[in-house]
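First up is the structure itself, then whatever we jot down about it.
A short reminder: the numbers here are calculations on the coordinates, not readings from a lab. These numbers come from a predicted model, not from an experiment. Counting neighbours? That spans all protein chains shown, and the Cβs are built from the backbone with ideal geometry, glycine included.
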Amino acid sequence: MLRRGIETGRRRLAKGERLLYHVTWTVAEGGAIDVTVSELPIIHLFVPDPSSVFDGARVLIARTLAADPSFIDVVVGGRSR
């Protein structure tokens with residue numbers, strides 16, 4: 001499923017589409033924020049605080065897809081950026 005999500009994202013980017021990903025976060029032990037990406041199972045990251053969720057997720061997704069982060073949009077709890 002992860003491989004399919006990556007391939008789909010790369011195909012859509014090749015067509016010139018902007019991509020929209022949905023992320024959720026929880027507070028992990030020690031206070032770090034654990035961020036998961038719904039469309040890319042298994043992919044997640046830790047950021048220091050909630051204000052880092054948008055940018056951290058965008059960069060992680062872009063690196064996973066080997067893409068420019070400016071083509072990635074992220075929605076967290078109904079808020080997008």
- Note on the structure: Under a Gaussian network model of the chain whose springs join Cα atoms within less than 10 Å, the largest fluctuation of GLY16, GLY30, GLY56 belongs to GLY30
- Built amide H within the under 5 Å cut-off of VAL75, gap 5+: TYR21, HIS22, VAL23
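Over all distinct alpha-carbon pairs, what is the Kirkwood Rh of the chain in angstrom? Provide the component values of the computation, followed by the final result.
Numbers: mean 1/r = 0.0787 Å⁻¹.
In the chain this quantity evaluates to 12.7 Å.
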- Working out 0.36 nm times the residue gap between THR26 and ALA14, then minus their Cα-Cα distance, what length gain in nm do you get to one decimal? 1.1 nm
- Item | Projected label distance in nm at GLU7 and SER51, using a 7 Å step from Cα toward the beta-carbon | 4.2 nm
- Based on DSSP, what percent of beta bridges with both residues in the chain are antiparallel, to the nearest 5? 70 percent
